[in-house]
Protein chains: 2
Amino acid sequence: MDIRTSLTRRGLSGLLLATLAARAHAQAGADPLPSWRDGPRKQALLDFVAAVTTEGGPRFAPPADRIATFDNDGTLWVEHPMYTQLAFILDRMKALAPRNPEWQQDPALRAAAAGDLQALAGAGMAGLLKVAGAAQAGNTPEQFQEIAAAWLASARHPRWNRPYTDLVYQPMLEVLAFLAARGFTTFIVSGGGVEFVRAFSEKSYGIPPNRVVGTTFALKPGEADGRITLTREPHVDFIDDGPGKPVGIARFIGRRPIAAFGNSDGDFQMLQYTTEGAGARFGMIVHHDDAEREYAYDRHTNFGRLDKALDEAPRRGWQVASMKNDWTRVFAW
Amino acid sequence: MDIRTSLTRRGLSGLLLATLAARAHAQAGADPLPSWRDGPRKQALLDFVAAVTTEGGPRFAPPADRIATFDNDGTLWVEHPMYTQLAFILDRMKALAPRNPEWQQDPALRAAAAGDLQALAGAGMAGLLKVAGAAQAGNTPEQFQEIAAAWLASARHPRWNRPYTDLVYQPMLEVLAFLAARGFTTFIVSGGGVEFVRAFSEKSYGIPPNRVVGTTFALKPGEADGRITLTREPHVDFIDDGPGKPVGIARFIGRRPIAAFGNSDGDFQMLQYTTEGAGARFGMIVHHDDAEREYAYDRHTNFGRLDKALDEAPRRGWQVASMKNDWTRVFAW
């Protein structure tokens, strides 16, 4: 099965429309961010992009420097009531449990297979990483992406009863398209598993696998029947979250971004690393304050906690975008 | 100092010329590879590219699948009489030795500081890695790239008395430009240090940092004066050579290449991984058989040994390009 044809085309269509709209608008001088309400946040982004793309201007940045990084969960798509990848992991655990009776002997694995989030939380980070490995490792990167893509094609979000890939934020698709149209190279820098995000990033965001940075399982090279094999081992060897995000950026992208977009304290160091660089810089936090159209949460949640970054945003010059007030719509549909 | 302005512009000029030439030729139906002699190797490459870019054809590959990977040392530029990065390391060790008198107590560090290659070889891989760390770590990725760029701007190759960045192969620049013009995304997958190669890849090859995969030192995140710091630690945590190349490709690129170019047994697994994929595939080995214009070596050398890959090339369908016979010229100058 081809990953790219197995995924819904809705996300890509939305992105293509957004890209074409951004290109056309950029040329016509019209609004490249139609789902953003006119106001300080939208204006700050427009001003930043104008400044770094004005040749001869004091804040001009050549295209090679126009690196923009985006968190995924909660920044580009919905992360409640739980991270999408966690929903995937729980579905996998349930499906694989009958073939793995030994999981019943382990509290974390047993809890995950039963879908008991409370018991799973009690097993701590070590338990969660064990579950992540059991549900997702032991295959090649290509096999895993097919598994993830097949799940994304069939799973439905409990609130909207739609594929998770429908739950990307239209205003952020417009930002991705707008920046691309202005010579930026866009990257996803996600705490999620790199191969999980790669299973839909190209279709949903127009971002190819090599521009996705994420958490990784160890990859073990070997040979079988005289052919190269790569096996995803059940232990995580890099966590692309918090202080790991600047590390992932330096390692994979190799250049400090001039713009970064996040929504939680897991993005704090990425925003900090980005905006501490010299010259024009832009940091933005998506604030989930819209219980009606999406969700409302910040300091008190298990998924996407926003606390320290919310406190420090003003003094660091980070824009806090209100989903409720700054976005005229949330989803493409 | 800006890395990009501190480097010689010669490499980029050559690449720009090659790119423009390839674009113009592709449109005009003229020769996109003027430094390649007409013959089986050139024809094989032209046939492959024609096959994968012919829409509706049986071997068509959509642009997203057109991933091509290139080894660096000995494939894109000269690697004799020693790897360029080793010359850099030896120069660094010599320069830093007075400030590090304790190096005299260690056989490998002492040998490197004295430029004694034979004694250094006696210290084995462990000794070499220790020297690599002593010469290159303890700085940020940005600082290191400035150090490497400054060295590249001043160092001269002992045979031609030219900057090392002049010693990129014109025929390979044409291949890079030709593939880019035909919708490929090109990557460097080097056994060399990723930040060393990134110090010149954009200028010399038109390949930005995020499309360079290489060997890495551990990166340690921290804070100083309230700002994020990233420190390159003196231990190598990933070796992008031999079996490491498919691992690096899967991790950084996230998609199996359909074309790969190498010159040594260190590229064996990259070539194997690439050409074992389904559909049209292309593998090529640059064979150094031209002592007059460059160097002649294969099975018996410490730098770029080509033995097993040379033996297996015929049965695996890999093209072996003779530098002497297939290239009408080696360098742009």
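Evaluate the stretch B:82-89: report whether one residue or more is out of contact with any Phe, Trp or Tyr (no Cβ under 6 Å at 6 or more places or on another chain), closer than 30 Å to A:Pro246 by Cβ and surrounded by fewer than 16 Cβ atoms within 10 Å (Cβ to Cβ).
no
If you scan the stretch A:230-266, which residues turn out to be among the hydroxyl-bearing types (Ser, Thr, Tyr) and open to solvent by less than 40 Å² (accessible area, probe 1.4 Å)? Working first, answer last.
Residues of the stretch A:230-266 that are among the hydroxyl-bearing types (Ser, Thr, Tyr), as a first pass: A:231, A:264.
Scanning the stretch A:230-266 gives a single hit, A:Ser264.
Count, please, the residues in the stretch B:307-329 that happen to be within 20 Å of B:Val168 (Cα to Cα), charged (D, E, K, R) and surrounded by fewer than 20 Cβ atoms within 10 Å (Cβ to Cβ). Break it down into steps so the answer makes sense when it comes.
Narrowing the stretch B:307-329 to residues within 20 Å of B:Val168 (Cα to Cα): B:320-329.
Now drop any that are not charged (D, E, K, R), which leaves B:324, B:326, B:329.
Going one step further and asking which of them are surrounded by fewer than 20 Cβ atoms within 10 Å (Cβ to Cβ), we end up with B:324, B:329.
Looking only at that region, the number is 2.
Show the residue pairs that are 6+ apart or on different chains and have beta-carbon atoms under 7 Å apart, the first residue being within the stretch A:307-333 and in a helix (DSSP H, G or I), the second being surrounded by fewer than 18 Cβ atoms within 10 Å (Cβ to Cβ) and not polar (S, T, N, Q).
A:Met323/A:Asp289; A:Met323/A:Asp290; A:Lys324/A:Asp289; A:Lys324/A:Asp290; A:Asn325/A:Arg37; A:Asp326/A:Arg37; A:Asp326/A:Gly39
Every residue in the stretch A:90-129 that is over 26 Å from the mean Cα position of the chain (by Cα) and of a type in the set (D, E, K, R), please.
A:Arg99, A:Glu102, A:Asp106, A:Arg110
How many residues, within the stretch A:246-269, are within 27 Å of B:Phe200 (Cβ to Cβ) and within 10 Å of another protein chain (Cβ to nearest Cβ)?
Of the residues in the stretch A:246-269, 11 are within 27 Å of B:Phe200 (Cβ to Cβ) and within 10 Å of another protein chain (Cβ to nearest Cβ).
Looking at the stretch A:102-120, can you tell me whether even one residue there is surrounded by 13 or more Cβ atoms within 10 Å (Cβ to Cβ) and in contact (Cβ under 8 Å) with a residue 60 or more places away in the chain?
No - not one qualifying residue is present in the stretch A:102-120.
If we scan the stretch B:272-289, do we find a residue that is out of contact with any helix residue (DSSP H, G or I) (no Cβ under 9 Å at 6 or more places or on another chain) and more than 10 Å from chain A (Cβ to nearest Cβ)?
Yes, there is a match, as at least one residue in the stretch B:272-289 is out of contact with any helix residue (DSSP H, G or I) (no Cβ under 9 Å at 6 or more places or on another chain) and more than 10 Å from chain A (Cβ to nearest Cβ).
For the stretch A:153-204, enumerate the residues that are under 15 Å from A:Asp73 (Cβ atoms), of a type in the set (Val, Ile, Thr) and touching a helix residue (DSSP H, G or I) at 6+ places or on another chain (Cβ under 7 Å).
A:Thr165, A:Val168, A:Ile188, A:Val189
Restricting the first residue to the stretch B:80-100 and requiring it to be in contact (Cβ under 8 Å) with a residue 12 or more places away in the chain and under 16 Å from B:Glu195 (Cα atoms), which pairs with a second residue that is part of a helix (DSSP H, G or I) and among the aromatic types (Phe, Trp, Tyr) meet a Cβ separation below 8 Å and a spacing of at least six or different chains?
B:Thr84/B:Tyr164; B:Gln85/B:Phe196; B:Ala87/B:Tyr164; B:Phe88/B:Trp151; B:Phe88/B:Phe196; B:Arg92/B:Trp151
Read through the list (1) more than 27 Å from A:Ala61 (Cα to Cα); (2) open to solvent by less than 40 Å² (accessible area, probe 1.4 Å); (3) without any contact (Cβ under 8 Å) to a residue 40 or more places away in the chain, then give the number of the only condition that A:Ala224 fails.
The failed condition is (2).
Can you name the residue in the stretch B:137-181 that is open to solvent by 30 Å² or more (accessible area, probe 1.4 Å), within 30 Å of A:Pro209 (Cα to Cα) and in contact (Cβ under 8 Å) with a residue 12 or more places away in the chain and is also nearest to the other protein chains (Cβ to nearest Cβ) among such residues?
Selected residue: B:Thr140.
Give me the residue from the stretch B:275-306 that is part of a strand (DSSP E or B) and among the hydrophobic types (A, V, I, L, M, F, W, C) and, out of that set, surrounded by the fewest Cβ atoms within 10 Å (Cβ to Cβ). Talk me through it step by step, then tell me what you get.
At the first step, the residues of the stretch B:275-306 found to be part of a strand (DSSP E or B) are B:282-287, B:289, B:296.
Now drop any that are not among the hydrophobic types (A, V, I, L, M, F, W, C), which leaves B:282, B:284-286, B:296.
Numbers: B:Phe282: 24, B:Met284: 25, B:Ile285: 27, B:Val286: 29, B:Ala296: 15.
Here the residue is B:Ala296.
Looking at (1) touching a residue at least 60 places away in the same chain (Cβ under 8 Å); (2) over 30 Å from A:Gly222 (Cβ atoms), which one does A:Leu129 not meet, given that it meets all the others?
(2)
With the requirement that a residue be more than 14 Å from chain A (Cβ to nearest Cβ), touching a helix residue (DSSP H, G or I) at 6+ places or on another chain (Cβ under 9 Å) and open to solvent by 20 Å² or more (accessible area, probe 1.4 Å), what does the stretch B:58-80 give you?
B:Pro58, B:Arg59, B:Asp73
The values are calculated or read from the model by the stated rules, or taken from the named source; none is laboratory data. Keep in mind that what you see is a predicted model, and the values were worked out from it rather than measured. Glycine gets a Cβ as well: all are built from the backbone with ideal geometry, and neighbour counts include every protein chain shown. Calculation scope for accessible area: heavy atoms of the full protein, side chains included, ligands and nucleic acids excluded. Shrake-Rupley method; radii C 1.70, N 1.55, O 1.52, S 1.80 Å.
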